[in-house]
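What follows is one structure encoded as structure tokens, with my remarks underneath.
The values are calculated or read from the model by the stated rules, or taken from the named source; none is laboratory data. From a predicted model like this one, the values you see are computed outputs, not experimental measurements. Positions of Cβ are generated from backbone atoms using ideal geometry, with glycine treated the same way; all protein chains shown enter the neighbour counts. Side chains included, ligands, DNA and RNA excluded: accessible areas come from the protein's heavy atoms. Shrake-Rupley method; radii C 1.70, N 1.55, O 1.52, S 1.80 Å.
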Amino acid sequence: MSIIVEFFVAPDDTTASLALRAGPGRGFESLLVGNFDPVVAVVEWECLLAGGSFEELVGAGEPRIVAARDNGGGIVLAISPRLSTALADATHSRLSDVASSWTQLRAEEGEVIPTEIAEAIVGDLAALVSSARRQNQSVYCRVA
């Protein structure tokens, strides 16, 4: 089963929620990736970059769901301000370390994500977050 994961920049939750059905469209800066669970990934990345436990973050309502279809037909979630800051402020070396740690976490769960792919995802997401911050916007994730 393929999972389409698209991180994208939007000015607010209302605008981001419109991407639920057909994606963010050409007017939005985005990053298309796939075949991993971004709901788990964003929590793991936040733990690795900013600290805290998986259970604490989930208990605090992360990741925040902006829009969802019934019957698992897709979701749009917001990247937390804390994760956004950590991604934007991280050095290339730190992002590489996080990607490596993330691949190890996923391997423990039986999911194989090559380190090079993980580094590209985390690095490209950090660049997208930095771009969004310069525009005073936020990053969201659509899962289909």
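Things to note:
- In the range 31-69, residue nearest to residue 4 (Cα to Cα) [restricted to those that are of a type in the set (D, E, K, R) and in a helix (DSSP H, G or I)]: 44
- Residue match in the range 72-90 (condition: modelled with pLDDT of 95 or more, in a helix (DSSP H, G or I) and over 19 Å from residue 52 (Cβ atoms)): no
- For the range 109-144, the candidate set comprises residues that are buried (at least 18 other Cβ atoms within 10 Å of the Cβ) and hydroxyl-bearing (Ser, Thr, Tyr); within that set, the residue that is nearest to residue 20 (Cα to Cα) is 140.
- Lone qualifier among 41, 16, 60 - being closer than 16 Å to residue 82 by Cα and touching a residue at least 60 places away in the same chain (Cβ under 8 Å): 41
- Tally of residues being out of contact with any Asp or Glu (no Cβ under 8 Å at 6 or more places or on another chain), aliphatic (A, V, I, L, M) and surrounded by 14 or more Cβ atoms within 10 Å (Cβ to Cβ) across the range 20-47: 4
- Annotation: residue 89 fulfils all but one of (1) open to solvent by less than 20 Å² (accessible area, probe 1.4 Å); (2) more than 13 Å from the chain's Cα centre (by Cα); the unmet one is (1).
- When 106, 26 are checked against the criterion of being among the basic types (Lys, Arg) and in contact (Cβ under 8 Å) with a residue 40 or more places away in the chain, a single residue qualifies: 106.
- Looking only at the range 1-19, and only at residues there that are among the small types (Gly, Ala, Ser) and either open to solvent by less than 50 Å² (accessible area, probe 1.4 Å) or in contact with a Ser or Thr (Cβ under 7 Å, 6 or more places away or on another chain) (or both), the one that is nearest to residue 135 (Cα to Cα): 10
- The set of residues in the range 50-86 that are among the hydrophobic types (A, V, I, L, M, F, W, C), closer than 25 Å to residue 108 by Cβ and open to solvent by 30 Å² or more (accessible area, probe 1.4 Å) comprises 50, 54, 58, 60, 75.
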